[in-house]
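Peer 1: I'd like to ask you about the structure that follows.
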């Protein structure tokens, strides 16, 4: 293996309709043929990205901001949020009139519904999941999607000091175990393979990509990335809707 390439999804690997362009999928296959292992690195779960992974022919990933790491379909790391903590979160969300979804690497359900769910999931061109208020009671939970407008999460940061709150859309906040991130997921994967010195590349556009770009050998910011990401990038490629992945891979002679 010559190296590992990590791709954020929304605003990065995906186009404006949250799909993988055919040309991008072909570039990923060429990347693999050239001896590099592609990874998805996303705030989303593997359960909700199956179609994306299939269309891109990618079988490894850092999911839910580092909560779960899969390598060629095998789970090599998982961090779960304790059931009692989720229960307390549920009670507080219900009292405040917000909503949230509970995730693991196999399935996800709305636990507390709200009108904002349509906006939160519409932002990534999907529909809200089914409602299952008891899902977290008998199932492991890796991540919560807190459906709320800012600054609602500030109160919850104080109430749940062992959780991290990452706002990635105007309508929702990813809630994960304190200390996890895409960067930590990459680190754990490289340690698992004893490949800490491998050449690594990462493509991203948003706030939850900052640590990831700082953790790899070659950080790449999309043309549509936030300013701080462009400041730390080694290379700034074109927008995600303008062959940004292809142009970035070509810049490094990976394809």
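The values are calculated or read from the model by the stated rules, or taken from the named source; none is laboratory data. Here the structure is a predicted model, which is why all the values come from computation and not from measurement. Glycine gets a Cβ as well: all are built from the backbone with ideal geometry, and neighbour counts include every protein chain shown.
Yes or no, residue by residue, for (1) in contact with a strand residue (DSSP E or B) (Cβ under 8 Å, 6 or more places away or on another chain); (2) more than 28 Å from residue 137 (Cα to Cα):
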| residue | (1), (2) |
| --- | --- |
| 12 | yes, yes |
| 31 | yes, yes |
| 43 | yes, no |
| 46 | yes, no |
| 54 | no, yes |
| 63 | yes, no |
| 82 | no, no |
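Peer 1: Sticking with this one: Any idea which of 101, 126, 114 is modelled with pLDDT of 95 or more, out of contact with any helix residue (DSSP H, G or I) (no Cβ under 6 Å at 6 or more places or on another chain) and closer than 22 Å to residue 8 by Cα?
Peer 2: Checking each option against the conditions leaves just 101.
Peer 1: Ok, one more. So in the range 188-214, with the set limited to residues that are assigned to a helix (DSSP H, G or I) and free of Cβ contacts under 8 Å to residues at least 40 places away in the same chain, which one is nearest to residue 77 (Cα to Cα)?
Peer 2: Selected residue: 191.
Peer 1: Looking for something in contact with a helix residue (DSSP H, G or I) (Cβ under 6 Å, 6 or more places away or on another chain) and in contact (Cβ under 8 Å) with a residue 60 or more places away in the chain - is there at least one such residue anywhere in the range 146-166?
Peer 2: Within the range 146-166 (the criterion being in contact with a helix residue (DSSP H, G or I) (Cβ under 6 Å, 6 or more places away or on another chain) and in contact (Cβ under 8 Å) with a residue 60 or more places away in the chain), the answer is yes, since at least one residue qualifies.
Peer 1: Which of the following residues is buried (at least 20 other Cβ atoms within 10 Å of the Cβ), touching a residue at least 12 places away in the same chain (Cβ under 8 Å) and assigned by TED's automatic domain parsing to the domain that holds residue 151: 136, 109? Walk me through it before giving the result.
Peer 2: Numbers: 109 fails: buried (at least 20 other Cβ atoms within 10 Å of the Cβ).
So the residue among 136, 109 that is buried (at least 20 other Cβ atoms within 10 Å of the Cβ), touching a residue at least 12 places away in the same chain (Cβ under 8 Å) and assigned by TED's automatic domain parsing to the domain that holds residue 151 is 136.
Peer 1: Determine, yes or no, whether residue 73 is surrounded by fewer than 18 Cβ atoms within 10 Å (Cβ to Cβ), free of Cβ contacts under 8 Å to residues at least 40 places away in the same chain and assigned by TED's automatic domain parsing to the domain that holds residue 126.
Peer 2: Considered against the rule, which asks whether it is surrounded by fewer than 18 Cβ atoms within 10 Å (Cβ to Cβ), free of Cβ contacts under 8 Å to residues at least 40 places away in the same chain and assigned by TED's automatic domain parsing to the domain that holds residue 126, residue 73 comes out as no.
Residue-by-condition table, conditions (1) outside the structural domain of residue 61 (by TED's automatic domain parsing); (2) surrounded by fewer than 19 Cβ atoms within 10 Å (Cβ to Cβ); (3) more than 13 Å from residue 201 (Cβ to Cβ); (4) within 20 Å of the chain's Cα centre (by Cα):
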site: 213; (1), (2), (3), (4): no, no, no, yes
site: 217; (1), (2), (3), (4): no, yes, no, yes
site: 220; (1), (2), (3), (4): no, no, no, yes
site: 223; (1), (2), (3), (4): no, yes, yes, yes
site: 228; (1), (2), (3), (4): no, yes, yes, yes
site: 231; (1), (2), (3), (4): no, yes, yes, no
site: 236; (1), (2), (3), (4): no, yes, yes, no
site: 240; (1), (2), (3), (4): no, no, yes, yes
